[in-house]
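Q: Attaching a single structure in structure tokens format; questions to follow.
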Amino acid sequence: MSFKTVLEAIGHDVKSVFDWIGSAKGEAVIATGEAVALAINPAAGGLIAVANSTLTEIVKVEALAAGAGAQNGTGVQKLTAVVAAATPEILSYAEKNKFPVPTADKIQAAVNALVAFANALEAPKS
């Protein structure tokens, strides 16, 4: 049984996603999640920012691929685009927090993990 993943749905209907993210409800949900993480560990703020910007880039790349009619079969190209966009911020975060410099493989694994997270969620039936 096949289902449409969240990223597939986002690619097809990115406007509604951005409308929700910008809505009062979307902002409240995001802010609540971030507030909980920051209350537990204030240093997590930078990591949350990196994850948010990387997820935003994933959504943008997926939407661009869908708009170009190239959503399927272009995983490697989409991954390459997201990794290229996210790498400077990831490296900056690591440097600021005195973490070892992540390798290209580690950065790609982090991006893949965020993509896997989004793909694990089933989109609502349209």
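Computed from the coordinates by the stated procedures, all read-outs in this text should not be read as laboratory data. Just so we're clear, the structure is a prediction, and the values are computed from it rather than from any experiment. Every residue, glycine as well, gets a Cβ built from its backbone with ideal geometry; the counts of neighbours run over all protein chains shown.
Q: Given R₀ = 35 Å, what would the calculated FRET efficiency be for Ala104 paired with Glu27, taking r from the Cβ atoms and rounding to 0.05?
A: After rounding, the FRET efficiency stands at 0.55.
Q: With a bin width of 5 angstrom, please list the P(r) values of segment 54-102 as percents of all Cα-Cα pairs, from the 0 bin to the one holding the largest distance.
A: Pair shares across the bins are 5, 21, 24, 17, 12, 10, 7, 3, 0.
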